[in-house]
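One structure below.
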Ligand SMILES: Nc1nc2c(ncn2[C@@H]2O[C@H](COP(=O)(O)OP(=O)(O)OP(=O)(O)O)[C@@H](O)[C@H]2O)c(=O)[nH]1
Ligand SMILES: [Mg+2]
């Protein structure tokens, strides 16, 4: 069984060497461990440091494309390397790398397809800033609500994925992948579990330069993922909201000597709500058809590859 350790790195010259050196090359139930680094247009000595530390493969983007783009480059290359399991490890070495077996064993035992190392299994450890924890939990609760599945940390980078899961991942947003990939795989019916991990927090983030920008981009990623995977729910909820406002306006207007609301406006809202639902229904049909073709194509490719062997 081959394990690929996927490390995304952007200007990590100070930390990456130490992190790579801590990765064990002998792990129970694993025959081979390979370290794959995706250098996302770093302008420092990240590549030299990773090479010195013994990374097996380093792939570089010419410019900085973002964590999501780096993740997809890493996933495609892990498939080419013949990975049976992929573990993502942040280059800053925040996570306790000794816990790799905790992440991969539930996959080896066929209990889960994805195992997420959660930093917040029992709430906030004292080492993590209160504000960061608050932000993390808002998004964790939102992703849990959208998925209908309870997560305790949706932004951690320490995770394990099975071969089947990596072959089916579709992350389309370049900025970040952590929340999108959970929704993507959950909606595709992969089994996602969590395991508690210990970590040492690094204060200076490479990813979050402005909280407002991070918040807006994450919101846009979560809502677009919902629209892509569950269009009927996204447009249906929006439609139900519009129609409800329209119906309530009509009810209020019908009360004698109370507030008068323009009848055309309320009828328009009810109609818009119905149209939104219809758009969702149409998108749902297109989505189902496309998902079916994708699955069929993937199976044909797999059969062809087996035939070639
Ligand atoms: N490919 C790529 N990787 C990046 C980029 N920015 C950060 N990373 C890597 O992604 C990982 C996580 O980045 P961090 O800066 O630790 O993110 P953080 O905001 O501290 O998030 P937490 O560690 O979860 O608190 C690290 O390995 C970074 O080197 C980027 O623009 N592109
Ligand atoms: Mg970090």
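Just so it is clear, none of the values below were taken in a lab; they were calculated from the coordinates. None of the values given here were measured: they were computed from a predicted structure. Cβ: placed from backbone, ideal geometry, glycine included. Neighbour counts: every protein chain shown.
Listing for the model above:
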item	result
Whole-number D in µm²/s for segment 67-158 (Stokes-Einstein; Kirkwood sum over Cα pairs; 25 °C, 0.890 mPa s)	165
Residues listed by number, segment 211-252, amide nitrogen under 19 Å from residue 265 label point at 7 Å toward C-beta	241-252
Segment 70-112: C-alpha pair distances exceeding 15 Å, %	53
Rounded to 10°, Cα long-axis angle of helix 67-80 versus longest principal axis of the chain	60
Hydrodynamic radius by Kirkwood, which averages 1/r over all alpha carbon pairs of segment 156-309, in angstrom	19.6
Degrees, to the nearest 10: 211-229 long Cα axis against longest axis of the chain	80
Fully extended contour minus Cα-Cα distance, from residue 102 to residue 207, at 0.36 nm per residue	35.2 nm
For segment 11-70, fraction of C-alpha pairs farther apart than 14 Å, in %	56
Percentage of interatomic Cα-Cα distances in the chain larger than 28 Å	47
Acute angle (nearest 10 degrees) that the helix 130-147 long axis makes with the longest principal axis of the chain, alpha-carbon atoms	70
Spatial extent of segment 230-308: Rg and Dmax, with the Cα atoms as the point set, Å	21.8, 80
Where Rh is the Kirkwood radius over Cα pairs, Rg/Rh for segment 1-138	0.97
The chain - mean residue ellipticity at 222 nm from DSSP helices (-39,500 (n - 2.57) per run, n ≥ 4, rounded to 500)	-17000 deg cm²/dmol
log10 of Debye I(q)/I(0), alpha-carbon scatterers only, for segment 113-224 at 0.12, 0.16, 0.19 Å⁻¹	-0.40, -0.74, -1.06
Residues 92, 31, sorted so that the one with the fewest Cβ neighbours within 10 Å comes first	31, 92
